[in-house]
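Trainee: Please read through the structure below; I'll follow up with questions.
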Amino acid sequence: MISALLRAVFRNLPVYGLPTVLDIIAKQVWRSATIRRLRVGTLTLRLDLANYVMRNIYFGVFERDLMRFIAKTLRPGDVFIDVGANIGFLTAYSYAHVGPTGAVHCFEPVPQYAEHIQRIAHEAGPGRIIVNATAVGDRDGEVRIKICGPENIGWNTIVPGFMNDDSCTSLVVPMTTLSGYLRARQLENVRMIKIDVEGAETLVLAGLFAFLDTGARPVIVTEVTPHASARLGTDLSAIVARMRSYGYQAMTFDRRGIRSIVRLPMRLIPVNPLTLDTTTDVIWRPS
């Protein structure tokens, strides 16, 4: 009862900072596993309110700007690519917008999280949500991923030295490139690619260039993590120049002034990825 009441309140409050409030409540109310079901379109997610990320998803305070942008951009019949899909919330959300005539192809290398997506893929039906239990980068092969959950289940990376935590574990997982995958699948109507890979975004973009060379121009939403590029040995300025050569303009969500506190209608503003000093959502919008 209290979960449903709080959800009705939090998902409609037009302010940021609500995850902090939820953390305070959680320490008193959800000290152990508390599973709730969340309907996302026609699909159902099982979420543990004792977990930070799942709790934010359930109460409607997770990636609100990105969700609005996805809803504004996707249309029935589109293909959505979800790189770093985690437990599949944005996979399910995007599927609600592309519908049964479209498809969602997602990539999640952490086995226990990919299993969550497999459940909703089965619910959606054959060929509608395609789950790839692999990492994505600039080459085919294998890579070691560090897993630093379980509280923040999105805190996993293939960037060496990016996360230093004694509680982290690691394993070797397969890796592919988006260009190779999209070429093999001969996918059409790729409307949007979302990339959330905790610092390895430049590798994913580098592995996408061959696809962009064909003339395809999907909207690309990615985090940019400036200090991770140096650890990878990639040249962020070269990546940005290549994206600009394809006619892409870098935008970000406007969170200046009052917008850093109050959730107003979504607005995009130009951004220079080379001047960023913190992890920032960047929308690469084609001309």
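The values are calculated or read from the model by the stated rules, or taken from the named source; none is laboratory data. Everything quoted here is computed from the prediction, not taken from an experiment. In this analysis, Cβ positions are derived from the backbone assuming ideal geometry, glycine residues included, and neighbour counts consider all displayed protein chains.
Trainee: Please state which one of R46, R75 is over 17 Å from the mean Cα position of the chain (by Cα), in the same structural domain as K194 (by TED's automatic domain parsing), modelled with pLDDT of 95 or more and not small (G, A, S).
Mentor: R75
Trainee: Suppose we filter E198, E188 for residues that are under 22 Å from L276 (Cβ atoms) and either more than 15 Å from the chain's Cα centre (by Cα) or surrounded by fewer than 23 Cβ atoms within 10 Å (Cβ to Cβ) (or both); which single one remains?
Mentor: E198
Trainee: Of the residues Y113, Y95, which is over 29 Å from S32 (Cα atoms), hydroxyl-bearing (S, T, Y) and surrounded by 19 or more Cβ atoms within 10 Å (Cβ to Cβ)?
Mentor: Y95
Trainee: When the residues of the range 139-170 are narrowed to those that are assigned to a loop (DSSP other than H, G, I, E, B) and within 19 Å of D82 (Cβ to Cβ), which ends up modelled with the lowest pLDDT?
Mentor: G149
Trainee: Next question, about the same structure. Looking only at helices (runs of 4 or more DSSP H) that lie completely in the range 18-74, which have at least 2 residues being in contact with a Gly (Cβ under 7 Å, 6 or more places away or on another chain), within 16 Å of H116 (Cα to Cα) and polar (S, T, N, Q)?
Mentor: The helices (runs of 4 or more DSSP H) meeting that bar number zero.
Trainee: So, in the range 204-245, how many residues would count as being farther than 21 Å from S287 by Cα and out of contact with any helix residue (DSSP H, G or I) (no Cβ under 9 Å at 6 or more places or on another chain)?
Mentor: Counting residues in the range 204-245 that are farther than 21 Å from S287 by Cα and out of contact with any helix residue (DSSP H, G or I) (no Cβ under 9 Å at 6 or more places or on another chain) gives 3.
Trainee: Would it be correct to say that V53 is surrounded by 21 or more Cβ atoms within 10 Å (Cβ to Cβ), in contact with a Lys or Arg (Cβ under 9 Å, 6 or more places away or on another chain) and under 28 Å from K146 (Cα atoms)?
Mentor: Taking the combined requirement at face value, the residue does not satisfy it.
Trainee: Quick one: is T234 assigned to a helix (DSSP H, G or I), in contact (Cβ under 8 Å) with a residue 12 or more places away in the chain, among the polar types (S, T, N, Q) and on the phi < 0 side of the Ramachandran plot?
Mentor: Taking the combined requirement at face value, the residue does not satisfy it.
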